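Shown next, in structure tokens, is the structure this report addresses.
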Amino acid sequence: MKKPFLNIDNVTFSASKKNKVSNVSLNIENEGDIICLLGPSGIGKTTVLRAIAGLIKIKSGKIVLKDKIISSKDKHVEPEYRNVSMAFQDSTLFPHFTVLQNIKFGAERNKKKKKIFSINDIIDFLHLSHIQEKFPHQISSGEAQRASLARALLSNPDLLLLDEPLSH
């Protein structure tokens, strides 16, 4: 029997004492599948994504990515060792880097891993060429979100998490 690409098994996530998501189970069967978490504001969608990315620890259950436990009550693989990228709802660009420098930062993450896209391919695809020399404070929130997505894609992650990717 084929094991799922991502398995979230009976996990309790907690961002704070008040914000808790209990007993979540989810399987993503195949690498490349596209999954969407839907629900009202405040229900815990971002908390689930942050836990998968390793930004918060889980209270119970386990998260398995590519047949390796990355989170459980007793084990927490740090975010930098998960090969998971997350593009946040709000801009997470480095303010002292240009858009191009921010994008290149993602490409540096997995230098040894074969790249699917070049930096120029991503810049062209996301229509960022006209702003690549600008700083984050000089661009719109939608452009910042696209630059953040470019950086995440160029890190060549095993799993790409997008938090409200269409909000801007």
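The values are calculated or read from the model by the stated rules, or taken from the named source; none is laboratory data. Please read all numbers here as calculations on a predicted model, not as lab measurements. All Cβ positions, even for glycine, are placed from backbone atoms using ideal geometry, and neighbour counts span all protein chains on display. The accessibility values were calculated without ligands, DNA or RNA, using every heavy atom of the protein model including side chains. Shrake-Rupley method; radii C 1.70, N 1.55, O 1.52, S 1.80 Å.
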Handout entry: Distant-in-sequence amide H partners of residue 89 (H built 1.01 Å from N, under 5 Å)
Key = 163
Completion exercise
Per the 1/(1 + (r/R0)^6) rule, R0 = 25 Å and r from the Cβ atoms of residue 28 and residue 76, FRET efficiency to 0.05 is 0.75
Practice task
Could you give the C-alpha radius of gyration of segment 30-72 expressed as a fraction of 2.2 N^0.38 Å, taking N as the number of residues it contains?
Solution key: 1.26
Handout entry: Where segment 1-71 is the region considered: accessible area per residue in Å², 1.4 Å probe
Key = 64
Practice task
Would you look at the GNM of the chain, springs on alpha carbons closer than 10 Å, and say which of 135, 88, 125 moves the most?
Solution key: 125
Practice task
Over the chain, with every protein chain in place, what whole percent of the accessible area is carbon and sulfur at 1.4 Å, could you tell me?
Solution key: 54
Handout entry: Principal-axis tilt of helix 141-154 within the chain, Cα atoms, nearest 10 degrees
Key = 70
Practice task
With θ set to phi - 60°, apply the Karplus curve 6.51 cos²θ - 1.76 cosθ + 1.60 along segment 93-107 and write out the HN-Hα couplings as whole Hz, x wherever there is a Gly or Pro.
Solution key: 6, 6, x, 8, 9, 6, 4, 4, 5, 4, 5, 4, 4, x, 5
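Dividing the alpha-carbon radius of gyration of the chain by 2.2 N^0.38 Å (N being the number of residues), what value is obtained? Let's see the in-between values first.
Working: Rg = 16.7 Å, N = 168, 2.2 N^0.38 = 15.4 Å.
Compared with the compact-globule rule of thumb, the chain sits at 1.08.
Add -39500 (n - 2.57) for each DSSP H run of 4 or more in the chain, then divide by its residues: what number comes out at 222 nm, to the nearest 500 deg cm²/dmol?
Details: 4 runs with 41 residues, N = 168.
Computed mean residue ellipticity for the chain: -7000 deg cm²/dmol.
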Practice task
Between residue 124 and residue 36, take the C-beta separation as r, use R0 = 25 Å, and let me know the FRET efficiency to the nearest 0.05.
Solution key: 0.40
